[in-house]
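Structure first, commentary second.
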Amino acid sequence: MWSVGLRAVLVEGDAMDAPDSHSTLASNVEVYDEISDHYIQFIRQDIQSKSRILAAFDTVDAAPGNDERGQRLHVDFGCGPGNVLIWSEDWAKERNCRRIGLDVSIRNLQNVLKRTDALVVLGDATCMPFRDGIASVVSEASVLHHIMDWKAVISETCRISNENAVILLDNEPSKEGLDWGWLARTVFESRFVYYWFLSYFSPKHRNFRNPRLAKLNYYEAECHNQPGLGFDPDEIECTFEASGFRARILRRCGAVLETGSGTNSYKTNILLALSGKNWKDPRYGILTMVARPALADRKDSTRKLIG
Ligand SMILES: C[S@@+](CC[C@H](N)C(=O)[O-])C[C@H]1O[C@@H](n2cnc3c(N)ncnc32)[C@H](O)[C@@H]1O
């Protein structure tokens, strides 16, 4: 049930010297086992994400559930300590929807069990331990950029989705948003020293007290969230298409699913301005992607057309 990488990390324990994808995985396990409790208090606690995520889930409402008991299943991969599962609790209850959180960090999953009614599975999103077509909703928030083989993750989300499902990928960096000049890169790089100093006064920055862990988190765990990297939306669209899904790509969403409806953080705006970019342009904002099976999408459009 486990991927070769996860087995190498959790059973053999030698992944740091193994292929890139294994060392990225090992870094995520190490970082999140350490920072999961801190994450609950200080990271990704914004209300806008909740509203946006529920708007994406609502796309699935017209479709029936698909298991023997007519129940729906929501799989949130890279669930961390449970933010998305908590935000969608009422949504799921109202729709008789079971939930599963999948993650590679045991500490995260322990926190999910404490904080939600979801089941948890220790597993790798590149090789999800679920049967084909089992899920009505598959989601992730801020996870894809942590996984080296992100294309395998997309094809897995499509494989486990049923014919009416909705897949949501949220809060991912675009290649345009990370196209920084040397000045922005230098300022960004210098933050480790500044935050280390702050960590003695600000509980929010406590994680920077251990510079090795802070750098492991940024440089290794967040492998695609580096200056000059980020995702190409066209490539993501094609990857979904290869599995028979159609993806809507949205940029810089706020509380609603609409390009440009949100704002960047002031830090992002400073880095973009230092790179000579117009930070108000949604092209430089984070990506949200909502995908559905191409056939279901076509049926919905026809239904709307004929009223
Ligand atoms: C930035 S956190 C996001 C947590 C949560 N989704 C949220 O919105 O708060 C990234 C999560 O991805 C998980 N992760 C990293 N690589 C993974 C993989 N290959 N399979 C499943 N989860 C993974 C990490 O353990 C971590 O919990």
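Overview of values
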quantity	calculated
Test set (1) modelled with pLDDT under 95; (2) under 28 Å from Ala135 (Cα atoms) - Glu220 fails condition number	(2)
Single residue of Ser243, Ser301 found to be modelled with pLDDT of 95 or more and over 23 Å from Ile43 (Cα atoms)	Ser243
The listed residue being among the basic types (Lys, Arg) and either within 12 Å of the chain's Cα centre (by Cα) or farther than 20 Å from Glu241 by Cα (or both), out of Lys151, Lys114	Lys114
Leading residue by the ranking (nearest to the ligand (Cβ to nearest atom)) among those in region 31-50 that are under 17 Å from Ser105 (Cβ atoms) and surrounded by 19 or more Cβ atoms within 10 Å (Cβ to Cβ)	Tyr32
Region 255-293, residues that are aromatic (Phe, Trp, Tyr) and without any contact (Cβ under 8 Å) to a residue 12 or more places away in the chain	Tyr266
Filtered residues of region 265-291 (kept if outside any helix (DSSP H, G or I) and touching a helix residue (DSSP H, G or I) at 6+ places or on another chain (Cβ under 7 Å))	Ser275, Lys277, Trp279, Leu287, Thr288, Met289, Val290, Ala291
In region 136-186, the residues that are under 23 Å from Arg251 (Cβ atoms), surrounded by fewer than 20 Cβ atoms within 10 Å (Cβ to Cβ) and touching a Pro at 6+ places or on another chain (Cβ under 6 Å)	Arg185
Verdict on Glu176 being under 25 Å from the mean Cα position of the chain (by Cα) and assigned to a loop (DSSP other than H, G, I, E, B)	yes
Selection within region 162-204 - among the polar types (S, T, N, Q) and farther than 25 Å from Ala273 by Cβ	Asn162, Asn164, Ser199
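The values are calculated or read from the model by the stated rules, or taken from the named source; none is laboratory data. Note that the structure is predicted; figures quoted are calculated from it, not measured. FYI the Cβ positions are ideal-geometry reconstructions off the backbone, even for glycines, and counts take in every protein chain you see.
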